[in-house]
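What follows is a single structure, written as structure tokens, with notes after it.
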Amino acid sequence: MEEFRYLPHTADAKFQAFGKTFAQALKNAGRAITNLITDVSKIKPLVSHSFALTTKSEENLVVDFLQELLFLTETKGFLMCDADLKIEGSELKAKVHGDSIKNYETHGQVKGITYHNLLIKKNSGKVMIQVVVDV
Amino acid sequence: MNIKTIENAIYEIAPEGRMRVPLRIFASEKLMEHMRTDKCLEQGMNMTTLPGIYSHGVMMPDAHQGYGFPIGGVAAFDIDRGCISPGGIGYDINCSVSLLSTNLDKKDMKPKIHSVLERIFQRVPCGVGSEGAIKLSFDELDEILNTGLEWALKKGYSDENDKQCTEEHGCMKEADSDKISQKAKERGKNQLGTLGAGNHFLEIQEVDEIFDADTAEIFGIYHTGQICVMIHCGSRGLGHQTCTDYLRIADIRFPDIAHGLVDRELAYLPSNSQEAKDYFAAMSAAANFAFANHRIISWNIRHAFRDVFNDRVELPLTYHIAHNMAKKEDFGTGHEKRRLLVHRKGATRALAPYHPNNPVRYMTTGHPIIIPGSMGTASYVLAGTEKAATQAFASTPHGAGRLMSRHSANRQYRGEELKSELEHRQIYVKSASWRGISEEAPGAYKNVDEVAQVSQTAGIGRMVARLKPFGVIKG
């Protein structure tokens, strides 16, 4: 299954991330964000960070999870390539794996995660999350 | 949508559906064609559905699709019965442009351009995740958030001329650092003095053409070939987080509003709510961070030039102007006078001559308006007009506006080839990454000459000078 793909958007970056489950699609959305900064396939899972989030909706969960990755990039220089995600009701427990940004050549930045065109679609055996980010 | 031509370079869409007021669009036929290729016109119409919007919504010649508000969108709201919309200001609060003039000529610069670019590249961190050389405590960060340029002045990074030639004198007075979240402060704490990436840049430019010599002289632009320096950046991670925080507050505190919106990114806070006051105070604080950031970067640029030339080189600030901001401004006179909250997202304030908020130095001309082009194309300096005040809430375009997505630009252009092509034209680029160049290819942007010309034709700006790039630094 394709992990993620980018779609045209004039000023920002738009992508769709896929997975068999919501958690897998969310992980791939994280990878799609990292891939806007550097080639995610080159990142080694050498460092881990854990966090928990509680939100009132799945849309907010998507935005909060991706925003937390952005926060880790800017404050700890962390780039995510993999994640163990446990979602129970409105709570997410995350352990994300990746490496320091210093070890990679970067080609872009993500300024913020938007709600614009935010979509979560679930068909049997496939989940799609669509996000537009400010770059 | 029913688009009517009002006069040369001015179109209008009358209210339809949930629009409360008309949408006025400043554009040439060609720029209108570009606007029809993405969703910006629809976004402009959506913008006019917000409560308390006054008179009409505005779209600038360089408008293009953003999220919620179009980039290049201007909307003014009743101070008491309107709203404030964080997405109508943008994630990069006070993304702004500074223009420094110099006493150098191109012939002085030519043999030393690479040395100067190298020195600036060493002094001004750019690129993703870059950290500044200035390490701040949280207390010091709070002082910057509350006082902006005043902090830089106190520390010796700035001077009195910088203050006079900065919008709001570099300090939004209603700022309150307590309204900025801890997360935003953690993001911004180590980023003071950094450029960032994306479309942020530093440019060494030469004056290419002067259209109005008298005004140009007042602006510190004296002759063609004169070297200037342009800085384009904003409030970095701190501003971005602040926008995110208040969009979430809008969502949580006013769920009924959120559900009733034509586009969720138009989330707003009602003017008379505490949350709206808090956001304005937070936005002002983030703006102050950007004002201070520009002055640190200018200080480093001045030192880089002095390292290469000598202490006699001067780089006074011509002006520092914002293009993602909301301001409380007065319009009209006598009984018609009213205070409005003007949202400018990817648009620039443009005060007419004799407006009292102009610096004394620029009272007879109106303050300089700076329209940066894309890498490899021109930038423009304009002056404000009365017509901009009456028809566009004292606003002009902020840049050339994107035509092509970053994704498409990366597929069409290669950074190494572009760099080489630009060097062939004697434009030298230093970038933190190749993709930083290809995404910013000139072909990915609208024609800045057209944007400036249309501003003049529509009467919302008066062309003063054209600058062209000589050296570019990109994140």
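The values are calculated or read from the model by the stated rules, or taken from the named source; none is laboratory data. Just so it is clear, the model here is predicted, and its values are computed rather than measured. Reconstructed Cβ throughout: ideal geometry from the backbone, glycine too, with neighbour counts over all protein chains shown.
A few comments on the model shown:
- Screening segment B:76-118 for residues that are in a helix (DSSP H, G or I) and more than 15 Å from residue B:227 (Cβ to Cβ) and picking the one that is nearest to the other protein chains (Cβ to nearest Cβ) gives B:87.
- Any chance residue A:57 is loosely packed, with under 14 Cβ neighbours inside 10 Å, facing chain B (nearest Cβ under 10 Å) and of a type in the set (S, T, N, Q): yes
- Applying the criterion of being out of contact with any helix residue (DSSP H, G or I) (no Cβ under 8 Å at 6 or more places or on another chain) and hydrophobic (A, V, I, L, M, F, W, C) to the residues of segment B:105-132, the residue that is nearest to residue B:346 (Cα to Cα) is B:126.
- Each residue in segment B:223-278 was checked for being more than 30 Å from residue B:107 (Cα to Cα), more than 14 Å from chain A (Cβ to nearest Cβ) and surrounded by 24 or more Cβ atoms within 10 Å (Cβ to Cβ), and 1 pass.
- Sole residue being touching a Gly at 6+ places or on another chain (Cβ under 6 Å) and at the interface with chain B (Cβ under 10 Å from one of its Cβ atoms), chosen from A:71, A:78: A:78
- Residues of segment A:120-135 that are within 17 Å of residue A:60 (Cα to Cα) and within 14 Å of chain B (Cβ to nearest Cβ): A:120, A:130, A:131, A:132, A:133, A:134.
- The one condition in (1) surrounded by fewer than 19 Cβ atoms within 10 Å (Cβ to Cβ); (2) modelled with pLDDT of 95 or more; (3) of a type outside the set (Asp, Glu) that residue B:335 fails to fulfil: (2)
- If you go through segment B:157-166 and keep only what is in contact (Cβ under 8 Å) with a residue 24 or more places away in the chain and in contact with a helix residue (DSSP H, G or I) (Cβ under 8 Å, 6 or more places away or on another chain), you end up with B:157, B:158, B:162, B:164, B:165, B:166.
- Identity of the residue in segment A:32-54, surrounded by fewer than 21 Cβ atoms within 10 Å (Cβ to Cβ) and touching a helix residue (DSSP H, G or I) at 6+ places or on another chain (Cβ under 7 Å), that ends up nearest to residue A:78 (Cα to Cα): A:49
- Members of segment B:153-166 that are acidic (Asp, Glu) and buried (at least 24 other Cβ atoms within 10 Å of the Cβ): B:162
- Scan of segment A:20-31 for residues that are of a type in the set (Gly, Ala, Ser), in contact with a Leu (Cβ under 9 Å, 6 or more places away or on another chain) and crowded, with 22+ Cβ neighbours inside 10 Å, ordered by number: A:29, A:30
- Filter pass, residue B:428 being within 14 Å of chain A (Cβ to nearest Cβ), at pLDDT 65 or above and touching a Leu at 6+ places or on another chain (Cβ under 7 Å): no
- Just one residue in the set B:249, B:204 is touching a helix residue (DSSP H, G or I) at 6+ places or on another chain (Cβ under 6 Å) and not acidic (Asp, Glu); that residue is B:249.
- Screening residue A:17 on (1) surrounded by fewer than 21 Cβ atoms within 10 Å (Cβ to Cβ); (2) more than 14 Å from every other protein chain (Cβ to nearest Cβ); (3) under 19 Å from residue A:126 (Cα atoms) shows it passes everything except condition (1).
- Cross-chain or 6+ apart pairs with Cβ under 8 Å, segment A:74-86 first and on the phi < 0 side of the Ramachandran plot and touching a residue at least 60 places away in the same chain (Cβ under 8 Å), then of a type in the set (Lys, Arg) and not in a strand (DSSP E or B): A:85/A:27
- Qualifying position, being surrounded by 14 or more Cβ atoms within 10 Å (Cβ to Cβ) and of a type in the set (Asp, Glu), among B:7, B:12: B:12
- Qualifying residue in segment B:16-23 (condition: in contact with a strand residue (DSSP E or B) (Cβ under 7 Å, 6 or more places away or on another chain), within 14 Å of chain A (Cβ to nearest Cβ) and buried (at least 16 other Cβ atoms within 10 Å of the Cβ)): no
- Of all the criteria given as (1) closer than 27 Å to residue B:327 by Cβ; (2) away from chain A (no Cβ under 14 Å), the one not satisfied by residue B:141 is (2).
- Members of segment B:275-307 that are out of contact with any Gly (no Cβ under 6 Å at 6 or more places or on another chain) and polar (S, T, N, Q): B:284, B:293, B:298, B:300
- The residues in segment B:16-75 that are β-branched (Val, Ile, Thr), touching a Lys or Arg at 6+ places or on another chain (Cβ under 9 Å) and in a strand (DSSP E or B) can be counted, and the count is 4.
- Residue within segment B:42-51 that is more than 14 Å from chain A (Cβ to nearest Cβ), touching a Ser or Thr at 6+ places or on another chain (Cβ under 7 Å) and either among the polar types (S, T, N, Q) or within 29 Å of residue B:242 (Cα to Cα) (or both) present: yes
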